[in-house]
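Undergrad: What follows is a single structure, and I will ask about it in a moment.
The values are calculated or read from the model by the stated rules, or taken from the named source; none is laboratory data. These figures come from a predicted structure and were not determined experimentally. In this analysis, Cβ positions are derived from the backbone assuming ideal geometry, glycine residues included, and neighbour counts consider all displayed protein chains. Keep in mind that these areas ignore ligands, DNA and RNA; they rest on the heavy atoms of the full protein, side chains included. Shrake-Rupley method; radii C 1.70, N 1.55, O 1.52, S 1.80 Å.
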Amino acid sequence: NSSASSTFKLSIDSKSFLENSILPNDPRFDQQWSLFNTGQANGIENEDLFAPEAWAIRAPSPDVIVGVIDTGIQLDHPDLKNNIWVNKLEIPGNNIDDDNNGYIDDINGWNFVANNHNPFPQVHGTHVAGTIGAEGDNDIGVAGVTWDVQLMSLDTFGGGQGSLPSDEWKAIYYAVNNGANVINMSLGSTYSGSYQDFQRELPEIDQGYKNAFEYAINNGTTVV
């Protein structure tokens, strides 16, 4: 709440910033105003996430798995490759569903459009993954909110222009069943009408999302 935020800011301001924060050496960190706003891009100083102060408390979260439902992540991106989720129960390239989860060779996630283990790398999913968990303080690119995390690539676009609700539901169930602590969905669509209109006109889609979200929540997965 606002009072808690004010208290936090006052406690930070009352101490030396450099003694109570960590600034990464990533060369483009100075452009990440949402994490550390110094007024760049005509922004307002300190209108940010207080990321440097938070990182002084904790920067990595290596045991956290984040399912990124989006376009595919560029798995070999130099700022992401060390933070890509690996399904340790699956043997790469043997064309066998080793972990019996219904998906063959799903080492880093799944392409729900092509129905294969190769997420189609595109800009948006890669950007979102970087915002969440680009490796921090590695002298490359930018810093993620968390510097060490497991990013699960769940491609519901497959290189195309749209994402189907049914593929998004499958991705949610996959993420939960394969250990995701968090699911991020930086996607959406438009509908002309009220939510009640949507429920009435598209009841199966409405219920499909409800079922998937409730499954995630009931299994302790946070959906963003």
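Undergrad: Could you list, in sequence order, the residues of the stretch 151-193 that are in contact with a helix residue (DSSP H, G or I) (Cβ under 6 Å, 6 or more places away or on another chain), assigned to a loop (DSSP other than H, G, I, E, B), under 17 Å from Val224 (Cα atoms) and open to solvent by 10 Å² or more (accessible area, probe 1.4 Å)?
TA: Across the stretch 151-193, the qualifying residue is only Ser186.
Undergrad: Does the stretch 71-86 hold any residues that are touching a helix residue (DSSP H, G or I) at 6+ places or on another chain (Cβ under 8 Å) and of a type in the set (Val, Ile, Thr), and which are they?
TA: Residues of the stretch 71-86 that are touching a helix residue (DSSP H, G or I) at 6+ places or on another chain (Cβ under 8 Å), as a first pass: 71-75, 77, 79-80, 83.
Listed by number, the residues that qualify are Thr71, Ile73.
Undergrad: Mind checking which residues of the stretch 40-84 are in a loop (DSSP other than H, G, I, E, B), among the polar types (S, T, N, Q) and closer than 21 Å to Ile183 by Cα? Show your work before the answer.
TA: Taking the stretch 40-84 as the starting set, the residues that turn out to be in a loop (DSSP other than H, G, I, E, B) are 43-50, 58-64, 71, 73-80.
Narrowing the set further to residues that are among the polar types (S, T, N, Q) leaves 46, 61, 71, 74.
Passing the criteria: Ser61, Thr71, Gln74.
Undergrad: Can you name the condition, by its number, that Gly141 falls short on among (1) out of contact with any Ser or Thr (no Cβ under 9 Å at 6 or more places or on another chain); (2) farther than 23 Å from Leu35 by Cβ; (3) small (Gly, Ala, Ser)?
TA: Against the list (1) out of contact with any Ser or Thr (no Cβ under 9 Å at 6 or more places or on another chain); (2) farther than 23 Å from Leu35 by Cβ; (3) small (Gly, Ala, Ser), Gly141 comes up short only on (2).
Undergrad: Please work out if Tyr191 is free of Cβ contacts under 8 Å to residues at least 24 places away in the same chain and either in contact with an Asp or Glu (Cβ under 9 Å, 6 or more places away or on another chain) or of a type outside the set (Gly, Ala, Ser) (or both).
TA: Working: free of Cβ contacts under 8 Å to residues at least 24 places away in the same chain: yes; either in contact with an Asp or Glu (Cβ under 9 Å, 6 or more places away or on another chain) or of a type outside the set (Gly, Ala, Ser) (or both): yes.
The answer is yes for Tyr191.
Undergrad: Which numbered condition trips up Glu168, out of (1) more than 25 Å from Ile217 (Cβ to Cβ); (2) in contact (Cβ under 8 Å) with a residue 24 or more places away in the chain?
TA: Going through the list (1) more than 25 Å from Ile217 (Cβ to Cβ); (2) in contact (Cβ under 8 Å) with a residue 24 or more places away in the chain, Glu168 breaks only (1).
Undergrad: Follow-up question, since we're still on this one. Would you point out the residue of the stretch 206-224, among those that are open to solvent by less than 50 Å² (accessible area, probe 1.4 Å) and assigned to a helix (DSSP H, G or I), that is farthest from Gln150 (Cα to Cα)?
TA: Asp206
Undergrad: Right, next: Search the stretch 25-68 for residues being within 14 Å of Gly130 (Cβ to Cβ) and charged (D, E, K, R), and hand back the single one that is most open to solvent (accessible area, probe 1.4 Å).
TA: Looking at residues that are within 14 Å of Gly130 (Cβ to Cβ) and charged (D, E, K, R), I get Arg28.
Undergrad: Exactly one condition in (1) surrounded by fewer than 22 Cβ atoms within 10 Å (Cβ to Cβ); (2) out of contact with any strand residue (DSSP E or B) (no Cβ under 9 Å at 6 or more places or on another chain) is not met by Ala134; state its number.
TA: Unmet for Ala134, out of (1) surrounded by fewer than 22 Cβ atoms within 10 Å (Cβ to Cβ); (2) out of contact with any strand residue (DSSP E or B) (no Cβ under 9 Å at 6 or more places or on another chain): (1).
Undergrad: Restricting the search to the stretch 74-86, which residues are of a type in the set (A, V, I, L, M, F, W, C) and open to solvent by less than 70 Å² (accessible area, probe 1.4 Å)? Give the steps one after another, and end with the answer.
TA: Filtering the stretch 74-86 for residues of a type in the set (A, V, I, L, M, F, W, C) gives 75, 80, 84-86.
Residues satisfying the conditions are Leu75, Leu80, Ile84, Trp85.
Undergrad: Considering each of Thr71, Thr126 in turn, give the residue that is in contact with a Leu (Cβ under 8 Å, 6 or more places away or on another chain) and surrounded by 19 or more Cβ atoms within 10 Å (Cβ to Cβ).
TA: Details: Thr71 fails: in contact with a Leu (Cβ under 8 Å, 6 or more places away or on another chain).
Testing whether each residue is in contact with a Leu (Cβ under 8 Å, 6 or more places away or on another chain) and surrounded by 19 or more Cβ atoms within 10 Å (Cβ to Cβ) leaves just Thr126.
Undergrad: Another one. Just the residues that are under 27 Å from Tyr209 (Cα atoms) and loosely packed, with under 13 Cβ neighbours inside 10 Å, please, taken from the stretch 87-116.
TA: Asn100, Gly102, Asn115
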